[in-house]
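What follows is a short report on a single structure.
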Amino acid sequence: MNFLKAALIIVVCAGAIAWIGNAVVSQVGDASLGRGERTLASAHDESHHHHQHHHGNGADRGLSELLKSTLLFSGVAAAVIIPSVIVQRKKRLR
Amino acid sequence: MHKARQKTLMNAVIDGGLLVVFLITTAPQFTGISWHEWISLALVVVAIVHIVLHWQWVVAVATHLFNKATWSSRFSFGLNLLLFIAFTLVTYSGIAISEEAMPFLGIGMFDNRAWRFLHHTFSNISLMIIAIHVALHWQWIVNLFRKRAIR
């Protein structure tokens, strides 16, 4: 029962955040980002063409996307972990 | 198996799985857009399970946020709150720009440039917050592997 209650609270909070996000985007987002609504097909085609032009075929693009994400993740994690490990070791040596 | 050890193992499997799958979903061209959307929807369910499993900690820190809680707990709570907001916005914007899953479920959404921009931005923000989140639990991860290696 507690689990269900927790899940319900999480979903309600997420719904509230999404509702606020939606309100903000409908007020500000489209105007500040320019042309507003475009068709799904045109956006997709443009992105597809852009990627093909710059980055080669689909499999390569997918791998390079995955590699970029993994590097970003590892870089940020390492930037937090390495200093804390060094500090801990120094404390232990003292 | 001892109950506490079982719980730790279950947390490790869920958390490790969440991380790997989240990394995969950040590369939609790697899986193809259809798999990206269905995997992401499954990821949302597992993320809710992850929070529910740590609900006691959430309630404990939230109730003592302004008096008894330690600064590290407060920082962790704030970071997790930011992650929750970013992840929610990634999910909602993903649903908004869905090309396969939502149309398949018969849910008509709105696709526009703003939501696409937000989806990419909050995906990167979530990835960075998750990296810090994992880094803050580094000692727990190291201990987990040490215990496994000793046994």
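The values are calculated or read from the model by the stated rules, or taken from the named source; none is laboratory data. Everything numeric in this text was worked out from a predicted model, so none of it was measured. Note: ideal-geometry Cβ built from the backbone for every residue, glycine included; neighbour counts use all protein chains shown.
Taken together, the criteria place B:F117 among residues that are facing another protein chain (nearest Cβ under 9 Å) and surrounded by fewer than 19 Cβ atoms within 10 Å (Cβ to Cβ).
Among the listed residues B:S73, B:S93, B:S34, B:S40, which satisfies the condition of being farther than 20 Å from A:A18 by Cα, touching a residue at least 24 places away in the same chain (Cβ under 8 Å) and in a helix (DSSP H, G or I)?
On the way: B:S73 fails: touching a residue at least 24 places away in the same chain (Cβ under 8 Å); B:S93 fails: farther than 20 Å from A:A18 by Cα; B:S40 fails: farther than 20 Å from A:A18 by Cα.
Criteria check complete, one pass: B:S34.
So B:A114 passes all but one of these: (1) at pLDDT 90 or above; (2) part of a helix (DSSP H, G or I); (3) closer than 27 Å to A:A16 by Cα. Which condition number does it fail? Here B:A114 meets the rest and fails (1). Here the helices (runs of 4 or more DSSP H) wholly within chain A that include at least 1 residues being within 9 Å of chain B (Cβ to nearest Cβ) and at pLDDT 90 or above are A:2-24, A:58-93.
Given B:I95, B:I33, which one is modelled with pLDDT under 95, over 17 Å from B:I14 (Cβ atoms) and in contact with an Asp or Glu (Cβ under 8 Å, 6 or more places away or on another chain)? Quick ask: steps written out before the conclusion?
Details: B:I95 fails: in contact with an Asp or Glu (Cβ under 8 Å, 6 or more places away or on another chain).
Of B:I95, B:I33, the one residue that is modelled with pLDDT under 95, over 17 Å from B:I14 (Cβ atoms) and in contact with an Asp or Glu (Cβ under 8 Å, 6 or more places away or on another chain) is B:I33.
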